[in-house]
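What follows is a single structure, written as structure tokens, with notes after it.
The values are calculated or read from the model by the stated rules, or taken from the named source; none is laboratory data. Quick caveat: nothing in here was measured; it's all calculated off a predicted structure. Note that we place each Cβ from the backbone using ideal geometry, even for glycine, and neighbour counts take in every protein chain shown. Ligands, DNA and RNA are excluded from the accessible area calculation, which covers all protein heavy atoms including side chains. Shrake-Rupley method; radii C 1.70, N 1.55, O 1.52, S 1.80 Å.
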Amino acid sequence: MVSSIQSSLGSERKIITELPGPKSRALHERRQAVVSAGLTNGFPVYIQRAEGAILEDVDGNHILDLGSGIAVTSIGHAVPELIESVSNQVAAFTHTCFMVTPYESYIEVCEELAALTPGTHAKTTALFNSGAEAVENAVKVARLATGRPAVIVFDHAYHGRTNLTMALTSKNMPYKDRFGPFAPEVYRVAMSYPFLDGLSGAEAAARAIAEIESQVGAHNVAALLIEPIQGEGGFVVPAKGFLPALSEWTTKNGVVFVADEIQSGFCRTGDWFAVNDEGVVPDIVTTAKGLAGGMPLSAVTGRAELMNAVHEGGLGGTYGGNPVAVVAALATIKFMRERNLAQRARELGESMLGSLRTLQQDVAIIGDVRGRGAMIAFELVQPGTKNPNAAAAKSIVNYCNQQGVIALSCGTYGNVIRLLPPLVITDDQLADGMNVLAAAVRAAG
Ligand SMILES: Cc1ncc(COP(=O)(O)O)c(C=O)c1O
């Protein structure tokens, strides 16, 4: 039954109405009365089912997904193994609350996370629901374990939308504006942004460390929190040497190095984690998104001595590590391992980087092409400068949407297009998407 539904979608983009179509427009009209205006939809086509890298909307259009629901459905949509695990779990039990009566699958996910995250030291994990919740808990653990208050974050960082994570996030609009006051003891320092600062990793790290030491004092710092490749902030890939230098400084100064791998983790960058690229071993890793194939699950995995420093009952939450979400994570990890999706991410990355670099030679609005694995972006500039061109990004996203391709923008200045295809996207699907994208860039430039 399940597989016959799956096989009926086909693998090609197919547009049969204007986009959004009449049924999507009617639903969008209906939402105005009951859904908060504070929530927007980038591309208001309403989805009724999906498979692989194709989403089918309520008008019967087949949309090509180059966003994976913001880096979540890395294993693709409607994966039979995940459907089976989740369905069986729903039939068995959906909730007990791990803090009341536990279950084995929670332990299995923690075992996987201990094995997959960098470093051979003893690690323990606590599971939560969203990325922001994981980051909040990582900060709680670091503060408790060190007895220090300060948290260091970086320019362009994005860590979530709860009160503490708004403070940790850099960009004001739309994430923070008028939502304050924010949590205290958060200090922001300069990120390595090779396209804009031209610094080596060592130089950028020295700059950040000097800022921390002069403005905060190392002995006050509980945690240094960083996305190894920034997500919402513009897919900023720090210069080589930046992360290792920061990691070394944290070790020397008793500061907890927290790698926020919520967007970059789980094969996205061509390895299980982005920090693996330079052999950095964080003290704590936060994960979510790609971890559970679309079910809400996040994790804080860290050195056992840090994670276990917390008093009994100090961590938790009603739904964290929900039984359905944890079996989805187990199915996702198994699928990633068996299909070697890290390798596939590297192949996709090479293909996307190749197409974009060729395109960059033809148009004046692409200032930079960057990324790793299947986490690729290009930064749009005013021709002949490095000044942001957000209008071009907007027009490219709109053009792609009109052609039935989901492309996402990001960046502090809204001038970066990011590509996050499901790692199971086929070569033909990717080529189709890149052709549409190239036409969109030419039309904007
Ligand atoms: C690096 C990073 N950290 C944290 C978050 C917050 O995750 P969530 O939206 O699940 O709260 C995100 C979400 O985009 C993210 O990319």
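Is it fair to say Ala126 is crowded, with 17+ Cβ neighbours inside 10 Å, among the aliphatic types (A, V, I, L, M), over 19 Å from Glu227 (Cα atoms) and within 26 Å of the chain's Cα centre (by Cα)? So Ala126 passes the test. Helices (runs of 4 or more DSSP H) fully within region 1-85 that include at least 1 residues being open to solvent by 60 Å² or more (accessible area, probe 1.4 Å) and at pLDDT below 95: 2-7. Is it fair to say Glu350 is assigned to a helix (DSSP H, G or I) and without any contact (Cβ under 8 Å) to a residue 24 or more places away in the chain? It is true that Glu350 is assigned to a helix (DSSP H, G or I) and without any contact (Cβ under 8 Å) to a residue 24 or more places away in the chain.
Number of residues in region 148-162 that are free of Cβ contacts under 8 Å to residues at least 40 places away in the same chain and of a type in the set (Gly, Ala, Ser): the value is 1. Test Gln403 against the stated conditions and say whether it is more than 27 Å from Pro118 (Cα to Cα) and open to solvent by 30 Å² or more (accessible area, probe 1.4 Å). Here the answer is yes, as Gln403 does meet what is asked. Residue count for region 219-255, restricted to those that are away from the ligand (no atom under 16 Å from the Cβ) and either touching a residue at least 12 places away in the same chain (Cβ under 8 Å) or hydrophobic (A, V, I, L, M, F, W, C) (or both): 17. Within the set Pro238, Pro244, the sole residue that is farther than 23 Å from Leu291 by Cα, touching a strand residue (DSSP E or B) at 6+ places or on another chain (Cβ under 9 Å) and either outside any loop (DSSP other than H, G, I, E, B) or open to solvent by 10 Å² or more (accessible area, probe 1.4 Å) (or both) turns out to be Pro238.
Among what's in region 151-197 and is within 16 Å of the ligand (Cβ to nearest atom) and assigned to a helix (DSSP H, G or I), pick the residue that is surrounded by the most Cβ atoms within 10 Å (Cβ to Cβ). Ranking the candidates gives Thr165 first. The set of residues in region 415-445 being open to solvent by less than 40 Å² (accessible area, probe 1.4 Å) and among the polar types (S, T, N, Q) consists of Asn415, Gln429.
Taking the criterion of being of a type in the set (S, T, N, Q) and closer than 21 Å to Leu246 by Cα, the only residue of region 122-164 that qualifies is Thr146.
In the set (1) within 13 Å of the ligand (Cβ to nearest atom); (2) touching a Ser or Thr at 6+ places or on another chain (Cβ under 9 Å), Met307 fails one condition alone, (1).
Is it the case that Leu291 is farther than 22 Å from Cys97 by Cβ, in a helix (DSSP H, G or I) and in contact (Cβ under 8 Å) with a residue 40 or more places away in the chain? Considered against the rule, which asks whether it is farther than 22 Å from Cys97 by Cβ, in a helix (DSSP H, G or I) and in contact (Cβ under 8 Å) with a residue 40 or more places away in the chain, Leu291 comes out as no.
Tell me whether region 359-367 contains one or more residues that are crowded, with 18+ Cβ neighbours inside 10 Å, under 18 Å from the mean Cα position of the chain (by Cα) and of a type in the set (Gly, Ala, Ser). Within region 359-367, none of the residues are crowded, with 18+ Cβ neighbours inside 10 Å, under 18 Å from the mean Cα position of the chain (by Cα) and of a type in the set (Gly, Ala, Ser). Residues in region 256-283 that are outside any loop (DSSP other than H, G, I, E, B), within 14 Å of the ligand (Cβ to nearest atom) and farther than 16 Å from Ala115 by Cβ: Val258, Ala259, Asp260, Ala274.
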